[in-house]
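Down below is the structure, laid out as structure tokens.
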Amino acid sequence: MESLDLFLQTFFNLEIAARYWPDILSGAGITIGLSIVVTITGLALGLALALLRALQRTWLSLPIIAFVDVMRALPPLVILIIFFFAFPLIGISMSAFTATWLSLSLVLAAYAEESVWGGILSLPRGQSEAARSTGLTWWQTMTSVVLPQAVRIALPPLTNRVISVSKNVALGSVVALSEVLNNAQSATSNAGNPTPLTMAALAYLVIFIPVMFGARRLENRLQWRV
Amino acid sequence: MDALLNNFFNIEIFQQVFPFLLRGLTVTIGLSALVIPVGLIGGLAVALLATQSSSRTVRTLIAVYVDVFRALPPLVLLIFIYFGFPFLNIDLPKLMAVALGFLLNNAAYYGEIFRAGLQSVPQGQMEAARSTGLTRRQALVHVIVPQAVRNVLPDLLSNSIEVVKLTTLASVVALPELLRVARDAQALLYNPSPIVLAALIYLAVLWPLVRLLSRLEHKNMMVK
């Protein structure tokens, strides 16, 4: 009984929860906002890169493949740390928000390009040939025939990746971005009690479990029934 | 240009820190060699429980476990374990804290992959195996699981690459893996070249795996 009390007092201390609730909430605002921005820019850039690669010009494809490979091979934390701690020394300084946004967007773009490109490859050639033969331009073929199908095929890996990259907003705490985890860590050391960390974990669950369920529904709805 | 060379690709500093970074790389590789097999075993157990258990309660608990740990960023989990547990007077060594965090996180991810693999094996396989006189356990071990694993090999490789990248999180709790060593060197020399060198080492180790994965994935898509 006593140990249960200790456990509750340590991780679910209501008094401390009430005191630091606003910090966690404002951190959650930043986490959600940054996740949304990263998702938008990352997916847009990834789609653009996949389109460029579909032009099948070697001088365009090679740099894209190199970019995608590098971003998939480097740990996101390393990319973030280079942006935030190394770039200022060559005269490019950026805020913690910008550095986190930029690094996560580039990572997401690489994975998105890879998934969408995989989707494009998996379409039978006849699809674009048929579209072109009806008089559609290359651009019309891509936007009205190829991409809608490719994105559908790529949807499960895409949604998984969006979720895992958004969760990486927590890495921002390493460069003192005042998102949930960072705020919770300072609150924990101020309070001398880890309840704020529990709140941070719960905040992430509250934010991301609905996103995961939403993604699952979207996948089921758009899945082709063959 | 000079600033770039001096700060990012300082050869002198590269030479100076290379031995230390190699030691960091050893820790990174050792950590990966610890957490990947443990995660794989945990994941397989999770998947078997999720698909084979006859108890509804067990299946529900596993589903909740998987969702919770897939929603929780691994860094949050790690910091919770590392900074939270001492408040309970549980003194967890760094490596244990990191390994525990990775196990909880990886078992959920690998579990989802194995589950997809197990579900991709047609029901008839089990029935045929049972009809030859194999017990359920034998059928699982010799017939179902090997096929399931082969079907999700690219996903297992992909997740394992992610796990190696995730070991950088251990730098946050000062475990001396590659990134941590590089950051310490950077702070000491006030020059970010060590981090650039660390990035190059990560690239050298992981790029071949990423290429291999790309090939496997595209081949799979073409076949489907």
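Some values worked out for this structure:
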item	result
Lone qualifier among A:Ser144, A:Ser173, A:Ser166 - being at pLDDT 90 or above and exposed (fewer than 14 other Cβ atoms within 10 Å of the Cβ)	A:Ser144
Any hit, segment A:153-160, residues being within 23 Å of B:Phe69 (Cβ to Cβ), modelled with pLDDT under 95 and over 18 Å from the mean Cα position of the chain (by Cα)	no
Out of A:Ile79, A:Ile16, A:Ile90, sole residue that is within 12 Å of another protein chain (Cβ to nearest Cβ), over 25 Å from B:Leu4 (Cβ atoms) and β-branched (Val, Ile, Thr)	A:Ile16
Some residue of segment B:117-128 being more than 12 Å from chain A (Cβ to nearest Cβ), over 17 Å from the mean Cα position of the chain (by Cα), closer than 25 Å to B:Arg180 by Cβ and of a type outside the set (Ser, Thr, Tyr)	no
Only listed residue being among the charged types (D, E, K, R), under 22 Å from B:Ala148 (Cα atoms), out of contact with any Asp or Glu (no Cβ under 6 Å at 6 or more places or on another chain) and surrounded by fewer than 21 Cβ atoms within 10 Å (Cβ to Cβ), chosen from B:Asp67, B:Asp91	B:Asp67
Qualifying residue in segment A:106-122 (condition: modelled with pLDDT of 95 or more, farther than 23 Å from B:Ala185 by Cα, crowded, with 21+ Cβ neighbours inside 10 Å and among the polar types (S, T, N, Q))	no
Residue match in segment A:49-63 (condition: without any contact (Cβ under 8 Å) to a residue 60 or more places away in the chain and within 9 Å of chain B (Cβ to nearest Cβ))	no
Output for segment B:94-117, where each listed residue is farther than 18 Å from B:Asn159 by Cα and either aliphatic (A, V, I, L, M) or buried (at least 22 other Cβ atoms within 10 Å of the Cβ) (or both)	B:Leu95, B:Met96, B:Ala97
A:Ala131 being crowded, with 18+ Cβ neighbours inside 10 Å and either within 11 Å of chain B (Cβ to nearest Cβ) or free of Cβ contacts under 8 Å to residues at least 24 places away in the same chain (or both)	yes
Helices (runs of 4 or more DSSP H) completely within segment B:1-105 that count 2 or more residues being of a type in the set (Phe, Trp, Tyr) and within 19 Å of the chain's Cα centre (by Cα)	B:56-71
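The values are calculated or read from the model by the stated rules, or taken from the named source; none is laboratory data. Model, not experiment: these values are computed from the prediction. So basically every Cβ, Gly included, is an ideal-geometry build from the backbone, and we count neighbours across all protein chains shown.
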